[in-house]
Amino acid sequence: NIAVIGAGYWGKNLIRNFNALNTLYAICDEDRERLLTFQKEYPDVRVFHNPNDVFSLNDVEAVAISTPAETHYRLAKEALLRGKDVFVEKPISLSVQEGIELTKIARDTKRILMVGHLLQYHPAVLKLKQMIDDGELGKLYYIYSNRLNLGKIRQEENILWSFAPHDISVILFLTGQMPDEVSSFGGQYLQEKIADVTMSTLRFPVGVRAHIFVSWLHPYKEQKFIVVGSEKMAVFNDVEKKDKLLLFPHRISWKKNMPVPDKKEAQVVEIDPSEPLKAECAHFIDCVRSRSKPKTDAEEGVRVLRVLHACQRSLESNGNPIAIDAQSATGTSFFVHHSAVIDDPAEIGTGTNIWHFSHVLKGSKIGEQCRIGQNVVIGPRAVIGNNVKIQNNVSVYEGVTLEDHVFCGPSMVFTNVFNPRSEIPRMTELKETLVKQGATIGANATIVCGSTIGRYAFIGAGAVVTKDVPDYALMIGNPAKVSGWVCRCGEKLRHYKSKLSCSLCSNTYKLVKNKLHIIEETQ
C-alpha cells in the first residue's frame with residue numbers, strides 16, 4: 001500500500017503509475033479541489049490533506065513524496081521515523097548534511113529510501129551504460145547534455161536545482177565515479193538571484209569531461225545526451241518520438257600527422273519502448289517487497305547533491321572551479337588522487353588515502369586510515385580492514401580479505417585461481433585468501449590462493465607462500481617455510497630457556513606444538 005504525497009505537476013504521474021501497478025492506497029495534497037478531482041478518478045483510493053494523517057496509518061507501508069524540494073527532507077524524515085519506506089523525488093534534500101542524515105536514519109531504521117532519478121531507468125540510458133561498459137564506444141572522452149525548455153519557471157529554486165539533477169545523476173551513472181572539480185556559469189534574466197540558464201563543467205579523475213547546459217528560458221524543448229568516445233559516438237534524444245538513441249561510428253584517422261574525421265551514417269539503436277517512470281515505480285515496489293537496495297538509493301542521492309552544491313558555489317563565485325573532496329554518503333572523508341578511479345558502489349573509510357593511478361573496483365570495502373599506494377588495484381568485492389598499508393603495484397583481487405593493520409610490500413602478488421588458463425573461464429573457482437591482523441608481506445612475495453596468513457606473521461621478500469602460515473611465523477624461500485618467529489612489533493624472536501623473547505619490546509612467547517602464544521606483553 002503506497003500513499004503519494006503531492007498530487008501536482010509530477011505527482012499525478014506517480015499516482016497514475018502506482019495505480020496501474022495496483023499499489024496506490026492513498027493520495028495526499030493540500031489543494032482540496034485537486035483532491036476532489038482525483039477522488040472522482042480513483043474512487044477506491046483514500047484522500048488526505050495532512051501528511052501526518054498518512055504517516056499514522058498502519059495500512060500505509062510506503063510513501064512517494066512529490067512536493068516542492070524544500071519539503072523533501074522534513075517529509076522523508078518524518079515518514080522514515082514513522083516506519084514507512086520512502087520514495088522521494090529529486091533532489092533528496094537541499095542540504096548535503098540533511099541528505100546524510102536521511103541516509104543514516106534509513107539505515108538505522110532498516111527502511112528503504114529511494115530517490116527519483118528517473119533517467120537511470122530509461123532504456124536508452126541503460127543501453128548507453130552497457131555500450132560504455134562493453135567498450136563499444138572505446139575510451140570515453142566527454143559527455144554533453146542539454147535540458148532546455150520554455151516551460152514551468154520556478155521561484156523556490158533556480159534552473160540548476162530544477163533541471164540539472166537528472167543530468168548529473170546520469171553522468172555519474174555513465175562514468176561510474178565522482179568528479180573532482182566543477183565549475184558553473186549562469187544568467188539571471190527574469191528574477192533577481194534566481195538563475196534561468198546555467199552551463200556547468202564536471203572534471204573527472206581519468207580525464208573525462210562533462211558539460212551540462214540547462215535553461216527554462218529557451219525557444220523549444222530539448223533533452224539530449226551526447227557521449228563521445230575514441231571509437232564511436234552516441235546521441236540520446238529524449239524528445240524524439242522514435243529512434244531516440246543513435247550510434248555514430250565516426251573515426252578520426254591520421255594522415256600526414258593531421259587528424260582527419262572519417263564520418264559514417266548514424267545507426268539506430270533499438271531500445272525497449274516501455275515508460276521509464278513505470279519501471280522506476282516498479283523498482284521501488286520490488287525493493288519494498290524484497291528489502292533490497294534501490295538502484296538510486298539515498299547514497300546516490302547524496303552524491304548528486306554534493307555535485308549540485310559544488311556547482312552552486314561555483315555559480316555564486318562567477319564560475320570559479322570548486323574542488324570536490326572524496327566523501328562517502330555517510331559523511332566520512334577520505335582522499336583520492338585525481339588520477340585514481342573509484343567505481344560505484346565502493347565503501348571507503350574515514351582518513352584513507354588512495355594515490356596515483358590506483359583503481360578500486362565495485363563492491364570493494366576499504367576501512368579507515370588505510371594508505372593505498374600508486375598503481376594499486378582493489379577488487380571487485382575485495383575486503384580491506386582498518387589501518388592497512390598497501391605499497392605500489394599491488395593487486396588485491398576478489399576473494400582476498402585483509403584484516404586490520406596488514407602491510408603489503410611493493411609488487412607483492414595475490415592470486416585467486418589455483419590453476420588458471422586463459423582459454424578456460426574459472427571465475428567460479430575462486431579460492432579465498434585471508435591475511436589476518438597485523439601480518440606483513442614483503443616486497444615481491446607471492447601468496448598462492450587458498451592460504452591463510454596468521455596474525456602478525458612475517459612473509460619475507462620474494463617468498464612464495466603455498467600453504468597456511470601460523471601466527472607470528474617468519475616465512476622465507478620458495479616454497480616458503482618457517483625459519484623463525486617474529487614479535488608483534490616485527491622483531492625476530494630469540495630463544496631464552498623454554499621461552500622466546502623480543503629484545504626490542506621484551507614481549508615473551510611460548511611455542512606449543514608449533515604454535516606461538518604470547519604469555520607476557522609489555523608494550
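The values are calculated or read from the model by the stated rules, or taken from the named source; none is laboratory data. Predicted, not measured: the structure shown is a model, and the values here were computed from it. A quick note on method: Cβ atoms are made from the backbone with ideal geometry, for glycine too, and the neighbour counts reach across all protein chains shown. Quick note on the areas: whole protein, heavy atoms, side chains included, nothing else; ligands and nucleic acids left out. Shrake-Rupley method; radii C 1.70, N 1.55, O 1.52, S 1.80 Å.
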| message | With a 1.4 Å probe and all protein chains left in place, how much accessible area per residue does the stretch 27-174 have, in Å²? | response | 44 Å²
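For the stretch 122-196, which chymotrypsin sites (Phe, Trp or Tyr not before Pro) pass both filters: DSSP loop (anything but H, G, I, E, B) and at most 12 other C-beta atoms within 10 Å? Each step should come with its number before you reach the end.
Details: sites: Y141, Y142, Y144, W161, F163, F173, F185, Y189; in loops: Y189.
In loop regions of the stretch 122-196 (DSSP not H, G, I, E or B), the sparsely surrounded chymotrypsin sites (Phe, Trp or Tyr not before Pro) are Y189.
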| Shape of the stretch 118-204, Cα gyration tensor, a/c cut at 1.5 | prolate
| remark: Between the alpha carbon centres of the stretch 448-503 and the stretch 241-277 the gap in Å comes to 58 Å
| remark: Options (i) -0.69, -1.40; (ii) -0.65, -1.25; (iii) -0.50, -1.34 for log10 I(q)/I(0) by the Debye sum over Cα atoms at q = 0.08, 0.13 Å⁻¹; the value derived from the coordinates is listed as (ii)
| In whole Å, how far is the Cα centre of the stretch 391-433 from that of the stretch 21-82? | 51 Å
| task | Using a 1.4 angstrom probe, figure out how much accessible area the stretch 393-523 has per residue, in square angstrom, rounded to the nearest whole. | result | 55 Å²
| said: Could you compute the net charge surrounding R147? Neighbours are other residues with a C-beta less than 12 Å from the C-beta of R147; K and R count +1, D and E count -1. | reply: -1
| field | Three-way shape label, the stretch 33-165, alpha-carbon gyration tensor, a/c 1.5 | value | prolate
| message | Leaving ligands and nucleic acids out of the surface, order I226, I194, I252 by accessible area at 1.4 Å, largest first. | response | I252, I226, I194
| field | More than 19 angstrom apart: percent of Cα pairs within the stretch 214-352 | value | 74 percent
| request: Holding the Cα-Cα limit at 30 Å, pick out from K139/K193; K84/K241; K90/K127; K467/K499; K90/K224 the pairs that are longer than that. | output: K139/K193; K84/K241
| note | Taking a probe of 1.4 Å and leaving out DNA, RNA and ligands, the stretch 257-370 shows per residue an accessible area in Å² of 51 Å²
| field | Extension reserve of the N478-A443 stretch, reckoned as 0.36 nm per residue once the Cα distance is removed | value | 11.2 nm
| task | Please list the helices of the chain that count as membrane-span-like by this rule: a mean Kyte-Doolittle hydropathy of at least -1.0 together with Cα atoms stretching 18 Å or more along the helix axis, each helix being a complete DSSP H run. | result | 96-109, 159-175, 276-290, 298-316
| query | Which whole-number percent gives the relative contact order of the chain, counting Cα pairs below 8 Å spaced six or more residues apart? | reply | 8 percent
| In a shell of Cβ-Cβ distance under 12 Å around R381, excluding R381 itself, what net charge do Lys and Arg (+1) and Asp and Glu (-1) give? | -2
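Using just the helices of the chain, give the 222 nm mean residue ellipticity in deg cm²/dmol: DSSP H runs with n ≥ 4 each add -39,500 (n - 2.57), and the total is spread over all residues, rounded to 500.
Working: 9 runs with 111 residues, N = 523.
-6500 deg cm²/dmol, from helical runs alone.
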| Based on DSSP, what percent of beta bridges with both residues in the chain are antiparallel, to the nearest 5? | 50 percent
| message | Rounded to the nearest percent, how much of the accessible area of the chain (1.4 Å probe, protein heavy atoms only) is carbon and sulfur? | response | 49 percent
| remark: Scoring only Lys, Arg, Asp and Glu (+1, +1, -1, -1) among other residues with Cβ under 12 Å from the Cβ of A79 yields +2
